[in-house]
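K.L.:
Let me begin by handing over the structure; questions about it come next.
The values are calculated or read from the model by the stated rules, or taken from the named source; none is laboratory data. The shown structure was predicted, so the numbers you read here are calculated from the model rather than taken from an experiment. Using ideal geometry, Cβ is built from the backbone for each residue, glycine included, and neighbour counts are taken over all protein chains shown. The accessibility values were calculated without ligands, DNA or RNA, using every heavy atom of the protein model including side chains. Shrake-Rupley method; radii C 1.70, N 1.55, O 1.52, S 1.80 Å.
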Amino acid sequence: MNLNYSDDDFAGSGSSLSLTGYYRDEKGRFYPSAKSAATQAAEVWQANGLTNENTVNKLTSAAVFVTQSEADIEVMGLRAAMQTETEIAGKNTLFSYGVDVERENSEQTYYGQDLNIFLASNGLTAQTNGLTYNGGPDTTIDKLGAFVNADIDLTDKWHTSAGVRYQKLKSETDTFTPIYEQLLEEYFNSSAISGTSAAYGIDYQAGDVEKGNTDHDKVLFNLGTSYQITSKDQLFANFSQGLDTADIQRALRDVRAGFVVNSDNVQPIATNNYEFGWQGKHGDTAARLSGFYNESDKVVRFTDSYTVEVVDTDERVYGVEGSLTHDLSDQWQVGGSVAYTRGQYDYNGDWLELDAVRLTPLKGTAFAQYNFDEGSNIRLQALAVGGDDRASKDQQKDPDSSALPVTGYMTLDVLGQVKMPVGRVDYGVYNLLNKDYLTVYHQTTYGDLNRLPASGTTYGLSYTVDY
């Protein structure tokens, strides 16, 4: 739900005011997946005197569970901005200033599933066993920002902008029992393990993480410029800074009992972003080419046991993006785009490749569109994603790595719009050739048992009336 208000002459001042309020409530239920607590269980066995590796491996093979998670997120916020046009040293200048506030409440629950039924059906049937687990603490995140920005026309061809922003991030988390604490208690008290665990004096009781809070703030800067080198070509460059936290609820899900939630243990991620490029339009052809480089002081990563860590080490991401469209005639238009991204993180002095959990592999699109005289159109478009195994090879130096290779794929869609006497009809045929493939996400997370193929041929139809 959104509510917008604007006034181009606020209180007769000649300044414009813009207010935006919003509210969003969303629920997401994820596909059931197997979860192993073998690594955590092995630590407990070893701490209690069982050090034979083969025996530990046999015992921890039973530390497998099937769960289905459900998240509930509520977000509300308000943005207020003023814009004032003036002159500075004879230069046209637009000042923008304002504040924004946001509150996010989130909770996530895991519902246990019957392991035997799940395995016997090859992962196709899930039946709840009545158990529930915490998917991290109930979390409230408050964001407050205040900014001022100036856009200046230095000449009729040269434009620049600069600004400063104050960003404040606060969070509060409730007391919760981490999911691995719950799973370990269930494991060590199961009928298959309890006899051996009792012999080693293990009476595992799940522990809690007490409620906590964090408070971070930072002053951020941005600077941008563009120059019209010809009437048809423009160069641009931008620099900006950011401050945010990793998904606090998700990151805390995997900690163990006794973890202390405070500003020192849950730190924000600061980023510097650089962009530069060219865009132009020559006759019937329009194109854009840009490069970017981002650096941050922390890395968010999945480990080989599918826990999430925020690692205090440097990360860099860079790449290039390009797009091109050309009007063959009044009716025909063709175009495409390409995006190539690379990234590395610092691991004990070595820069190791980031995997496809963090970065999109090489991606290209292409389309051909025909426009009918009465305003209807039809488009054939293709999406191609390249395969990549560099990260999976490179991260063999990192024992906690979960990087997996990616197999490329291509899909075709047909989209169209038909103008009606009243309104219009939009239609689409997605994955036109009914290609059987796995998305990048399902190729790079978990194992075969928990992966879902992408949707086959899908049809869409809508009718719209503007009034």
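K.L.:
Listed residues S392, S455; which is surrounded by 15 or more Cβ atoms within 10 Å (Cβ to Cβ) and at pLDDT below 95?
P.N.:
Values: S455 fails: surrounded by 15 or more Cβ atoms within 10 Å (Cβ to Cβ).
Only one candidate qualifies: S392.
K.L.:
Also: What's the total number of residues in the stretch 121-168 that are over 30 Å from K218 (Cβ atoms), of a type in the set (A, V, I, L, M) and touching a residue at least 40 places away in the same chain (Cβ under 8 Å)?
P.N.:
The number of residues fulfilling the criteria is 2.
K.L.:
So which residues in the stretch 14-51 are more than 27 Å from D114 (Cα to Cα) and open to solvent by less than 70 Å² (accessible area, probe 1.4 Å), if there are any at all?
P.N.:
Hits for the stretch 14-51 are G14, S15, S16, L17, S18, L19, T20, G21, Y22, N48, G49, L50.
K.L.:
Can you name every residue in the stretch 194-221 that is more than 22 Å from A257 (Cα to Cα) and either among the β-branched types (V, I, T) or without any contact (Cβ under 8 Å) to a residue 40 or more places away in the chain (or both)?
P.N.:
G195, T196, A199, V219
K.L.:
Restricting to the stretch 226-246, give me the number of residues that are assigned to a strand (DSSP E or B) and open to solvent by less than 50 Å² (accessible area, probe 1.4 Å).
P.N.:
8
K.L.:
Report yes if V422 is hydrophobic (A, V, I, L, M, F, W, C), modelled with pLDDT of 90 or more and under 30 Å from D373 (Cβ atoms), otherwise no.
P.N.:
Here the answer is yes, as V422 does meet what is asked.
K.L.:
Out of all the residues in the stretch 277-293, is one or more of a type in the set (D, E), touching a Phe, Trp or Tyr at 6+ places or on another chain (Cβ under 9 Å) and either more than 30 Å from I248 (Cα to Cα) or assigned to a loop (DSSP other than H, G, I, E, B) (or both)?
P.N.:
Scanning the stretch 277-293, I find no residue that is of a type in the set (D, E), touching a Phe, Trp or Tyr at 6+ places or on another chain (Cβ under 9 Å) and either more than 30 Å from I248 (Cα to Cα) or assigned to a loop (DSSP other than H, G, I, E, B) (or both), so the answer is no.
K.L.:
OK, next. Which one of D330, D355, D346 is part of a loop (DSSP other than H, G, I, E, B), open to solvent by less than 50 Å² (accessible area, probe 1.4 Å) and not aromatic (F, W, Y)? Show your work before the answer.
P.N.:
Working: D330 fails: open to solvent by less than 50 Å² (accessible area, probe 1.4 Å); D346 fails: part of a loop (DSSP other than H, G, I, E, B).
That would be D355, the only listed residue that is part of a loop (DSSP other than H, G, I, E, B), open to solvent by less than 50 Å² (accessible area, probe 1.4 Å) and not aromatic (F, W, Y).
K.L.:
While we're looking at this one, here's another question. Conditions: (1) modelled with pLDDT of 95 or more; (2) hydroxyl-bearing (S, T, Y); (3) closer than 30 Å to V414 by Cβ. Y274 meets all but one. Number of the miss?
P.N.:
(3)
K.L.:
Additional query: For the stretch 406-446, give me each residue that is in contact with a helix residue (DSSP H, G or I) (Cβ under 8 Å, 6 or more places away or on another chain) and polar (S, T, N, Q).
P.N.:
Filtering the stretch 406-446 for residues in contact with a helix residue (DSSP H, G or I) (Cβ under 8 Å, 6 or more places away or on another chain) gives 406-407.
The answer is T407, and nothing else.
K.L.:
Among the residues of the stretch 271-281, is any basic (K, R) and surrounded by 16 or more Cβ atoms within 10 Å (Cβ to Cβ)?
P.N.:
no
K.L.:
Against the definition (under 26 Å from T20 (Cβ atoms), crowded, with 16+ Cβ neighbours inside 10 Å and not hydroxyl-bearing (S, T, Y)), how does F118 come out, yes or no?
P.N.:
So F118 fails the test.
K.L.:
Tell me the strands (runs of 3 or more DSSP E) entirely within the stretch 8-119 that contain at least 1 residues that are among the aromatic types (F, W, Y). Don't jump to the end; show me each part of the working.
P.N.:
Values: elements: 16-29, 33-36, 64-88, 91-113.
Counting at least 1 such residues, we get 16-29, 64-88, 91-113.
K.L.:
Is it the case that some residue within the stretch 305-313 is touching a strand residue (DSSP E or B) at 6+ places or on another chain (Cβ under 7 Å), under 30 Å from N371 (Cβ atoms) and not aliphatic (A, V, I, L, M)?
P.N.:
Scanning the stretch 305-313 turns up no residue that is touching a strand residue (DSSP E or B) at 6+ places or on another chain (Cβ under 7 Å), under 30 Å from N371 (Cβ atoms) and not aliphatic (A, V, I, L, M).
K.L.:
Looking at Q249, Q267, can you tell me which residue is outside any strand (DSSP E or B) and either touching a strand residue (DSSP E or B) at 6+ places or on another chain (Cβ under 7 Å) or under 30 Å from L328 (Cβ atoms) (or both)?
P.N.:
Exactly one residue qualifies, and that residue is Q249.
K.L.:
Could you check the stretch 410-440 and list, in sequence order, the residues that are open to solvent by less than 60 Å² (accessible area, probe 1.4 Å), over 30 Å from R358 (Cα atoms) and either touching a His at 6+ places or on another chain (Cβ under 8 Å) or assigned to a loop (DSSP other than H, G, I, E, B) (or both)?
P.N.:
Passing the criteria: only G423.
K.L.:
Shifting gears a bit: Counting only residues that are closer than 30 Å to T271 by Cβ, surrounded by fewer than 14 Cβ atoms within 10 Å (Cβ to Cβ) and in contact with a Phe, Trp or Tyr (Cβ under 9 Å, 6 or more places away or on another chain), how many does the stretch 195-216 have?
P.N.:
We begin by selecting, within the stretch 195-216, every residue closer than 30 Å to T271 by Cβ; these are 209, 211-216.
Pick out the ones that are also surrounded by fewer than 14 Cβ atoms within 10 Å (Cβ to Cβ) and you get 211, 213, 215.
The next check asks that each one be in contact with a Phe, Trp or Tyr (Cβ under 9 Å, 6 or more places away or on another chain); those that pass are 211.
Looking only at that region, the number is 1.
K.L.:
Collect the residues in the stretch 167-194 that are of a type outside the set (S, T, N, Q), over 30 Å from the mean Cα position of the chain (by Cα) and surrounded by fewer than 21 Cβ atoms within 10 Å (Cβ to Cβ), keeping them in residue-number order.
P.N.:
Scanning the stretch 167-194 gives E185, E186, A192, I193.
K.L.:
Shifting gears a bit: Give me the pairs: first residue in the stretch 428-453 and in contact (Cβ under 8 Å) with a residue 24 or more places away in the chain and under 15 Å from P405 (Cβ atoms), second residue charged (D, E, K, R) and open to solvent by less than 70 Å² (accessible area, probe 1.4 Å), beta-carbon distance under 7 Å, and six or more apart or on different chains, which are they?
P.N.:
Within 7 Å, the pairs are L438/R451; T444/D355.
K.L.:
Consider only pairs whose beta carbons are under 7 Å apart and that are at least six residues apart or on different chains; among these, list those whose first residue lies in the stretch 267-292 and is over 30 Å from L169 (Cα atoms) and whose second residue is among the charged types (D, E, K, R) and open to solvent by less than 30 Å² (accessible area, probe 1.4 Å).
P.N.:
Matching pairs, first to second residue: W278/D233; G280/D233.
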